[in-house]
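Worksheet: one structure, shown below.
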Amino acid sequence: MKRGRTVFRAYLVRGSFIALFMVVLGRVGYVQSMDSFLRGKEQRQWLTEESVMPMRGSIYDANGDELAFSTPAYDLDLYLPGIQGAGFNKLRAAADGLASITGAQPSFMLKQLSRSQVSWLRMYPYMVHVPLATKERVLALFTHLGLYNDINPYKTYKRVYPDGSFAAHVVGFVDQTGAGAAGIELQYNHFLAGTPGQVQFMQDSMGDPLPFRSVVTKPVQNGDSVYLTIDAAIQHYAEAALATIERRFTPAHAAIIVADPNTGAILAMAALPNFNPGQYWTYPAATLDTNWAISAPFEPGSTFKVVTLTGALASHSIKLNQTYMSGVDYVNGVPIRDWNLWGWGRITYRMAMIYSSNTGFIHIGQAEGVPTLYKYIHLFGMDQPTGIDLPGEGTSLLFNPHNLNPVDFATMTFGQGLAVTPIQQLAEVGAVANGGHLMTPYVVQKVVAPGGRIVYYRRPHIVRRVAPAAIMNEVTNIMIQDVNQDPALMAYVPGYNVAGKTGTAQIPKPGGGYMPHKYNLSFVGFVPAHHPALEIFVTVSEPHNTIQYGNDVASPAAKFVLQKALSYLRIPPHGQALANPATFLAVTAYTTIPDVQGLSVKSATQLLKRAGLAAAAVDASGTVVREWPQPGTQVASGTQVVIATSASTSLSGKVRVPNLKGMPMIEAVSVCSLLGLQIDPKGDGYVVQQSISPGREVPLGTILITRFAPISTVY
């Protein structure tokens, strides 16, 4: 009995120890799990994630010169409750200081800083996309006023358009959010924008990141670069011609398009009114939203006669040697007269095109009939948008063929009573020039990723065959006669066969009828006529101080552009063929920019030279601390790389002024941005003079006035 109790007590003690051990183990496990839970909770409280914005891709012309690029900048957000809570004196001092830095009115700044029911304020454009120098001056102001915690700078990128308004309607602009809002910037935004990255880091109690603990969870993908078909030289000629039109005639609007009719590639596109994409907010919405080369249809007048004549010849409805009586024609009792009122007596249909006889085209249209004319309107692509790779393309306005009365049909045959866009007419006559193929016009030749890989390449696209080459050759010959009938005519280019047609069309009134003494004047043509390399369309709306004929307003501009472009492209006179007339886009070799930071200027220069690049050193001494473009960027061989040295900048808030003489505008802007100087460019081309002598030390943010001049003028 005693032995049994002893055994029982032993089991009881053993069981108690086991139970106690299990309790201890459970407690240890609980503490460990809670420690892990609390540690994870703590990490989540201190761990944060931040987006890394990509650098937007650049836009280049056909020769590889930048038309748009991005540079580092800052957005400055202001905490209004903190500024207002510091008292009126500091509020006034902050407003006056910001006005002095940004150039805004002190009263405007005071009003903005005094706004109620607003916590964080971002003032556009004064505190958005500001350069490094401006950010440093604003931070210094707020530190001096004891308001350092009431301003929050965000690193971003500023879009730079080094040539100002050059090709603005093609290039477009980005809005205050950094997104494309017009032109190529909008149409190819999905390529240019890139993809943001993500960085995860531990933060302290103030929300500032702890050093050496950041982890990239998603790499940033910088935007792709877009290469245009726009040739800078031909674009300059087109814009110079428009500038002359604006000075002489002050039109409501105007446009010039130059293209390669064999491919549809647009070599130049300019429009009035124009704008500077770097200051787009100063222009009315109508100017920004309307590219008159593609957006707005208008009654074309006689340039449309190409469609009517082609349809009649291709359907064998007429013969060019048939005759009719010009002067006046009655349609359902309504008299329709030739532009000179009395006509030229009995003439052939060939002469009807050369003299631009309206009554002749009424006869031609009646011979081919409504179905045939509408068939060729469709074949020429005049009943739908061309599909050009630009936003905002308009389309034609046409009568319903089933409800078309004889008078409306008669006026349609010579280009009144319907409306088409300039780009549609360019594509129309391009089909005549190249022997019968309707081409899709385009302005982008390729898109290149940051690493140099081509992600998109544009090939010419044939929409359809419009008519046999023999028919187009007949139309071409008549268009040559149209221009060459008198060497004094404004579109005639000595030594070349120019095929062309002018247009003079009345402008409709909103309530019906036409406005008195207001016209759309135009010219369309191509050269050399039988080996076409260039096609041009010029349109001028409501010109003043001139006789209202296309030959007197639009044709001189076309002649100027064609003469300059033919010489620039080295196209021989007398209709001789080029070895390859369809090729205008240069093949460019590319190389990767090496990292030269930390090297001496001499070593950096040698390394860049071996890579096929040129160095532009801000200072001849010191160690390279920054370079532009950034290392790893793919650029054309021979590109100049700007390098800033330790001797160029100092921690004292001063910077040594570089020697900019001889630099093109884009490089001068880049150098100043790199160093923290503000550049005030005057003119265009290459730096010939700067307001502060090279080598002088000046405070960050100093304005450097630079004067530019081209190597040779367009005029």
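What follows is calculated from the coordinates using simple rules that are stated; it is not laboratory data. Since the model is a prediction, treat every value here as computed from it, not as a measurement. Reconstructed Cβ throughout: ideal geometry from the backbone, glycine too, with neighbour counts over all protein chains shown.
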Give the calculated FRET efficiency between Asp96 and Thr156 to the nearest 0.05, with a Förster radius of 35 Å applied to their Cβ-Cβ distance.
0.85
Total formal charge among the other residues, if their Cβ is under 9 angstrom from that of Leu110, Lys/Arg +1 and Asp/Glu -1:
+1
Given H placed 1.01 Å from N in the peptide plane, which residues other than close sequence neighbours of Leu67 have an amide H under 5 Å from its amide H?
Ile59, Tyr60, Asp61
What net charge is computed for the residues neighbouring Ile59, neighbours being all others with C-beta under 9 Å from the C-beta of Ile59, Lys and Arg scored +1, Asp and Glu -1?
-3
Virtual spin-label span in nm between Asn332 and Asn659, 7 Å along Cα→Cβ
7.8
For the Gln322, Tyr514 Cβ pair and Förster radius 25 Å, calculated FRET efficiency rounded to 0.05 is 0.20
Determine ³J(HN,Hα), in whole Hz, for all residues of segment 99-110 in sequence, where each value follows from phi through the Karplus function 6.51 cos²θ - 1.76 cosθ + 1.60 and θ = phi - 60°; x replaces Gly and Pro.
4, 5, 6, 8, x, 7, 6, x, 5, 5, 5, 4
When the Cα centres of segment 671-710 and segment 401-419 are compared, how far apart do they sit, in Å?
59
Amide H neighbours of Trp339 under 5 Å, counting only residues 5+ apart in sequence or on other chains, H built in-plane at 1.01 Å?
Asn358
For Ala499, enumerate residues with amide H under 5 Å from its amide H, sequence gap 5+ or separate chain, H modeled in the peptide plane.
Phe526, Ala529
Which net charge results when you count Lys and Arg as +1 and Asp and Glu as -1 among the other residues whose beta-carbon is under 13 Å from that of Pro699?
+2
Rg/Rh (Cα only; Kirkwood hydrodynamic radius) as it applies to segment 310-433:
0.99
Past 26 Å, Cα to Cα, is the threshold; run Lys446/Lys559; Lys602/Lys661; Lys518/Lys559; Lys305/Lys375; Lys319/Lys509; Lys609/Lys661 against it and keep the listed order.
Lys446/Lys559; Lys319/Lys509
Length gained, Ala286-Gln548, 0.36 nm per residue minus C-alpha separation, equals 91.8 nm
Note down the nm distance, to one decimal, between modelled labels 7 Å out along Cα→Cβ at Ser691 and at Tyr148.
3.2
So what J values fall out for segment 444-456 if you push phi through Karplus, 6.51 cos²θ - 1.76 cosθ + 1.60 with θ = phi - 60°, rounded to Hz, Gly and Pro as x?
10, 8, 6, 10, 10, 6, x, x, x, 6, 7, 9, 8
Say each of Val220 and Asn477 gets a label point 7 Å from the Cα, pointing the same way as Cα to Cβ; how far apart are those two points in nm?
6.4
Can you compute the FRET efficiency between Ser116 and Val370 using 1/(1 + (r/R0)^6), with r the Cβ-Cβ distance and R0 = 60 Å? Round to the nearest 0.05.
0.35
Trypsin sites (Lys or Arg not before Pro) within segment 101-135: DSSP coil, no more than 15 neighbouring Cβ in 10 Å
Arg115, Arg122
Quick one: length gained pulling Thr250 to Leu404 fully straight, 0.36 nm per residue minus the C-alpha distance?
51.8 nm
